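Undergrad: Got a structure for you, questions after.
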Amino acid sequence: MMHHIWWSLPLTLVTFFLARQIGMRYKSPLLNPLLVSMIVIIPILVFTGTPYDHYFAGSKVLNDLLQPAVVALAFPLYEQLHQIRARWKSIITICFIGSMVAMITGTSVALLMGATPQIAASILPKSVTTPIAMAVGGSIGGIPAISAVCVIFVGILGAVFGHSILNLMGIKTKASRGLSMGAASHALGTARCAELDFQEGAFSSLALVICGIITSLVAPFLFPVILAVFG
């Protein structure tokens, strides 16, 4: 039976909500609550010599809420159903291209830099939400834990810098901003979109779902091709 520490759940909740209050007050993308929480909690675990498994076991209830939270994203989709019906062809095309680019670029760069096929397979599903990424990574010979880390890293980058990049590029349409964030940085990008604009959050959650489906279906066939070309 895995040991757990009683203070891991209170520590996580208190740190996250304090980080969220700070982020809301100072409005800096670098003060993303997840990023700040990691910066605070990781040194505490290192300083106290607490194994990650023990910390995870103590706050497992939060991880169990991840999948229901993803399902809850269906509500903003329902609110924007009329727009989705009117643009469904362009939305699916955008999500397909975004998924392909995300899978090909990350995996090919990893292989060109000398990564093993197992590591490359773990990186391939980096731009979809964690449960899907772990399942996809494991099914094509990757390591699910590494896939999860890649997802978190990509999500933080998108949540912190995504809107700044979109602003620099002059992209102002809410549908375009939402779809790009959802395709590139999954649930964390979607959460950031939902904080800033309800409509952006709806399109981002749509991209999250569609890209997850596309990645799940295409990855087993695409990975051997990438491996043959760049491996």
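FYI, it's all coordinate maths here, none of it is from the lab. Nothing here was measured: the structure is a model prediction, and the numbers come from that model. Heads up, the Cβs are rebuilt from the backbone with ideal geometry, glycines too, and the neighbour counts pull from every protein chain shown.
Undergrad: Got a sec? How would 139, 90, 147 order by Cβ neighbour count within 10 Å, fewest to most?
TA: On the way: 139 15, 90 11, 147 26.
Neighbour counts put them in this order, fewest first: 90, 139, 147.
Undergrad: May I pose another question? If I model a spin label at residue 17 and residue 79 as a point 7 Å from the Cα along the Cα→Cβ vector, what separation in nanometres do I get?
TA: 2.3
Undergrad: So if I restrict to the alpha-carbon atoms in the stretch 84-164, what is the Rg, and what is Dmax, the biggest pairwise distance, in Å?
TA: 13.7, 45
Undergrad: Can you give the helix-only mean residue ellipticity at 222 nm for the chain, where every DSSP H stretch with n ≥ 4 adds -39500 (n - 2.57) and the sum goes over all residues, rounded to the nearest 500 deg cm²/dmol?
TA: Helix-only estimate at 222 nm: -26500 deg cm²/dmol.
Undergrad: In what sequence do 181, 38, 134, 103 fall when counting other Cβ within 10 Å, fewest first?
TA: 38, 134, 103, 181
Undergrad: Treat the count of other C-beta atoms within 10 Å as a stand-in for reagent exposure and order 174, 126 from fewest to most.
TA: Fewest to most other Cβ atoms nearby, the residues stand as 174, 126.
Undergrad: Ordered by residue, what ³J(HN,Hα) values in Hz, to whole numbers, does the stretch 191-196 give under the Karplus form 6.51 cos²θ - 1.76 cosθ + 1.60, where θ = phi - 60° and Gly and Pro are x?
TA: Whole-Hz 3J(HN,Hα) from phi for the stretch 191-196: 4, 5, 4, 5, 5, 8.
Undergrad: Quick one: Cα centre-to-centre distance for the stretch 76-105 and the stretch 139-154, in angstrom?
TA: With the stretch 76-105 and the stretch 139-154 each reduced to a Cα centre, they are spaced 23 Å.
Undergrad: A follow-up question, please. Which of the lysines could a cross-linker bridge to residue 27, judged by Cα under 24 Å and excluding same-chain residues fewer than eight apart?
TA: In chain and number order, the partners are 172, 174.
Undergrad: Kindly write out, for the stretch 39-53 in residue order, the coupling ³J(HN,Hα) from the Karplus curve 6.51 cos²θ - 1.76 cosθ + 1.60 (θ = phi - 60°), rounded to whole Hz, with x marking Gly and Pro.
TA: The phi angles translate into 5, 7, 6, 4, x, 5, 5, 5, 5, 8, x, 8, x, 4, 4 Hz.
Undergrad: Sort the chain into rounded, prolate or oblate with this rule: let a ≥ b ≥ c be the square roots of the eigenvalues of the Cα gyration tensor; rounded if a/c is under 1.5, and if a/c is not under 1.5, prolate when a/b is larger than b/c, oblate otherwise.
TA: oblate
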